[in-house]
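Report on the structure given below.
The values are calculated or read from the model by the stated rules, or taken from the named source; none is laboratory data. Here the structure is a predicted model, which is why all the values come from computation and not from measurement. When we count neighbours, we look across all protein chains shown, and the Cβ atoms used for this are built from the backbone with ideal geometry, even at glycine.
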Amino acid sequence: MKISTKVILPLILISALSILFAGCFTVPTDESPGFTPGTITGTIAAPCCSTSAGPVTEPQGVPPEYWCYYCKNTWSLQEGVKVVLAYGLDKIATTTTDKDGKYTFTNVPPAKNYVITAYCPDYDDDRPLVKDVALKVVEGKTYDAKITDCVSTALGLVVDYLVENTTVLGPEEIVLDGVIAGIPNFYGFPEFKKLVERICEIAPGCVDLFEDEKVPDYLCRAAQEIGRKVIPDLDLGCVGGYTPGPGPGPTPATTYKVFYNGNGNTGGTAPTDANNYIAGATVTVLGPGILVRTNYTFSHWDTQADDNGTNYNPTDTFSMPAANVTLYAQWQEDAQYTVTYNANGGTGSQTDPNSPYYVGATVTVLGQGTIARTNYTFNGWNTAANGTGTAYDPADTFTMPASNVVLYAQWLKLDPLMSPVDVVPGQEQIRINLRDANNNLVPNLDNKNDWYVELTVADSDATIVSVQYGGHNIGPWDFQIRVKNIPTGTELRNVTVIYNGYGYPLVLHQAY
């Protein structure tokens, strides 16, 4: 007699609950009095539980080509989750995983196909998180179930299914160890492979496996194929689909999904709504979660990618239509700010081709460009015109603030400083003390042929006799211009000293 889908699925759920709340435990029959109990150990991992203890980093030592059937790389070890050991329909013991996701069951009688079930604490319905199977517990030995994964979960579901839905197959009669030892031949079972793949697809959402319409079908087919290794003509009613049970039975309501699309996001993932909604159900819109887009801020959701549909903000609600709904993230471009360069008394310009910048961007300070100032040398930039702000040299960097930035050119006077002119009529000379901007003597200006001096003395015919730079005869003065015909008491009005040693005239000073 074929078993109806309508009967099978409720039986699975009811049986699972009965296991959890059973008041007395049953252990396998001891055929050898005085046996030494064994031990079952393992590690619980899952992709969706909030008690993650650390990422799964190794695929149980299997070749990479089989990794997708074992653990997705997003799975994490689970800490503090409830783990139940069952044999057939009977719960044997309960424990909790440690900080590394490990569990241990001791005093376990020798037997085959114990089922280990971990329950997700994120849900109030005691929802199975993942499953595993202890294929054979040998007397006095330890069986290591290793890390839970899609394959082990599928095996656990198959064992439970065969025990719950047949009267002739108990845990000891179900053949799994010989099949698994033939990896990859085991994946020759197409329905089991489909079951594993489907679990891998939906497990990251922590969706109740039986809410996915394909899982029960694949589970029935896989269980039937594995069960036929013992009972060749086993028929669980799942060839060509489930056979309806007696009577018409209620027609399941059609359900629909809400999907979220990042719509150009550069990081994170769009939130997942694991719920199935019937038409007319109230849907609460989710927030953006960890969804990000560089230089943009999440604004709202819209039913169209171009924002021409219906807008929804997080926590808004809407009535589910009789169709799936996709909500697209809408993004508001972040503000940008400018970096400008101010000649600050000079001429010319410098322009940053990368301006404006987003807040937080790295700005590289430019050189002086065509900016110049007569008789001054460029000395970097400053955020204040008078040099009291933050100073920057070309090629320095800074992080763009949430405001415009103006960088002012800073200048050092190029001309050496000239002391007050000392007119000594009796010696027919004018002596000038040259210092740079830091009041140091100006070196390497000793070629008098490079100097040119313009001297204007009011009401006189004074002319230059000689130019002398340096030397002990000058005394405290660095530069001496000897002239003649300077009348006693004459007030010096203008002296222009020009140095041609750079290959072009350099006006050092004008005194008035």
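Inspect all residues belonging to segment 326-346 and state whether any of them is in the same structural domain as Asn386 (by TED's automatic domain parsing) and at positive phi. Yes; the residues of segment 326-346 include at least one that is in the same structural domain as Asn386 (by TED's automatic domain parsing) and at positive phi.
For residues in segment 88-103 being among the β-branched types (Val, Ile, Thr) and closer than 30 Å to Thr166 by Cα, which is nearest to the chain's Cα centre (by Cα)?
Step one: filter segment 88-103 for residues among the β-branched types (Val, Ile, Thr), giving 92, 94-97.
Those left that are additionally closer than 30 Å to Thr166 by Cα: 92, 94-95.
On the way: Ile92: 43, Thr94: 38, Thr95: 35 Å.
The qualifying residue nearest to the chain's Cα centre (by Cα) is Thr95.
Applying the criterion of at least 2 residues that are surrounded by 13 or more Cβ atoms within 10 Å (Cβ to Cβ) and at pLDDT 80 or above to the strands (runs of 3 or more DSSP E) found wholly in segment 1-108 leaves 38-43, 76-78, 82-87, 90-96, 102-108.
Being touching a Pro at 6+ places or on another chain (Cβ under 7 Å) and at pLDDT 95 or above holds for only one residue in Thr338, Thr399, Thr383, Thr351, and it is Thr338. Close contacts from segment 279-303, counting a first residue that is touching a residue at least 60 places away in the same chain (Cβ under 8 Å) and a second that is of a type in the set (Asp, Glu) and surrounded by fewer than 17 Cβ atoms within 10 Å (Cβ to Cβ), with Cβ to Cβ under 7 Å and a gap of 6+ residues or different chains, come to Asn295/Glu333; Asn295/Asp334.
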